[in-house]
Amino acid sequence: MKSLKYVVLLLAIVQIALPYCIPLKYVYSGRMDYEIVKNQVRNLDVVLEKIRLEIRRNHLQDYILLLGDSVMYGSPGDSGQSVTVFMEEAARRTLGEEAPAIFNLAFPAMQLGDLYALLLKLDRYGISTERTIINVRYACFVPREPDPPAVFWLQDDLRSLDRDAYKHIFPQLEQNGYSPPSSVYGQYKHWLEQSAVYRFKPYAYKDYIRKMLQHAWLRVTHQPIPSDAIGDPRPWYVKGDLEPYLNSSTVKQSFTDKPLDLTEENPDIYFLQKIIGHQTGKDTLLVMTGTNHTLMNDYVEKPGYVQNMISLDRYLQSQPIRYVNLEGQIPDRLFSDHTHLTPDGYRELADLIWQSYAALR
């Protein structure tokens, strides 16, 4: 009986202490670890918990959150070349030691529905969204036929955090293969696998503990830590493999010249309005990131695309939220493909975003 008490006590200590024992850099280093979160989206909750601890430990007040997709994330470069790093540098040049901390919670393939669900998760974790910068692109608002899903990663979170929004978008998610458990057993199994076990910290942190141990072993054996880049960050004009992708149905859909629906019948406008409602009265900046016009000339010169961009820009300007359009402001030579940037391109993007944000404060 006494030994059982010691086991329970030990488990309780581990449960409380473990989040403090894992260094932040293994969970979050200027951005989330793509491979770890991609393979298990519940690992995002560990990131939020660690950021919350970092905010409390350092008594941070004036921090900024970055939300968005792969462009704000900084793909395809590594975490040392991300938007976060360059924006922090720009902030320090402007404000010195008064520069705010910046936390990047953008993630590749995040849709506006994911960003709305993420804002609700941040509320739940007690992380302020008072100062938030969100990136969007033309592709965010094009018709879904029916893919991609309007909520790509955080369907379960939306289901638990805003039931009405979930019911509204469920038919579109269902068209894309999303199928929540319906039987009592299925619901119980899903709750056990995706909720209950993650309350046990050693299980919730297991992927980050594994990463920490792997890095420790590599250092002991004098081996290099593998890069966390998720693609080829070289400029587009030195690559020879872009043509098939640029002619794919995915790219054609994302640069469509069909008229955009800028009403709430469009799932993205629906979620954008949800985001704006959540951020009302807060220091929020919406950023339209740019396109490689040289590479995408055949798409962006179409009259329908040009008119769509004009209409979209006017629509976003009319919203009760601060908005800046960076289309055409980053030289095409700084792109790594049609929409993502090289490290120097992300430095330029970070500088432009910081200048816009600082001017609006």
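A compact table of results
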item	result
Any hit, the range 205-226, residues being over 19 Å from Q111 (Cα atoms), modelled with pLDDT under 95 and of a type in the set (G, A, S)	no
Qualifying residue in the range 180-197 (condition: among the polar types (S, T, N, Q), without any contact (Cβ under 8 Å) to a residue 40 or more places away in the chain, surrounded by 12 or more Cβ atoms within 10 Å (Cβ to Cβ) and in a helix (DSSP H, G or I))	yes
Only one of R210, R219 that is of a type outside the set (G, A, S) and over 26 Å from the mean Cα position of the chain (by Cα)	R219
Which numbered condition L65 misses (of (1) over 11 Å from the mean Cα position of the chain (by Cα); (2) of a type in the set (A, V, I, L, M); (3) buried (at least 22 other Cβ atoms within 10 Å of the Cβ))	(1)
Of all residues making up the range 327-343, the number that are in a helix (DSSP H, G or I) and surrounded by 18 or more Cβ atoms within 10 Å (Cβ to Cβ)	3
Scan of the range 20-44 for residues that are out of contact with any His (no Cβ under 9 Å at 6 or more places or on another chain), part of a helix (DSSP H, G or I) and crowded, with 17+ Cβ neighbours inside 10 Å, ordered by number	Y34, I36, V37, N43, L44
Unmet requirement for I225, which otherwise passes all of (1) without any contact (Cβ under 8 Å) to a residue 60 or more places away in the chain; (2) in a loop (DSSP other than H, G, I, E, B); (3) surrounded by 12 or more Cβ atoms within 10 Å (Cβ to Cβ); (4) among the aliphatic types (A, V, I, L, M)	(3)
Tally of residues being outside any helix (DSSP H, G or I) and either loosely packed, with under 15 Cβ neighbours inside 10 Å or touching a His at 6+ places or on another chain (Cβ under 9 Å) (or both) across the range 203-221	1
Top-ranked residue in the range 48-62 [being within 21 Å of the chain's Cα centre (by Cα) and at pLDDT 95 or above; ranked as farthest from H340 (Cα to Cα)]	L53
Residues within the range 232-263 that are within 26 Å of the chain's Cα centre (by Cα), at pLDDT below 90 and of a type in the set (G, A, S), tallied	2
Condition check for R31: in contact with a Ser or Thr (Cβ under 7 Å, 6 or more places away or on another chain) and not β-branched (V, I, T)	yes
Identity of the residue in the range 280-326, in contact (Cβ under 8 Å) with a residue 40 or more places away in the chain and assigned to a strand (DSSP E or B), that ends up surrounded by the fewest Cβ atoms within 10 Å (Cβ to Cβ)	D283
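The values are calculated or read from the model by the stated rules, or taken from the named source; none is laboratory data. Small disclaimer: the values here were computed from a predicted structure and weren't measured. FYI the Cβ positions are ideal-geometry reconstructions off the backbone, even for glycines, and counts take in every protein chain you see.
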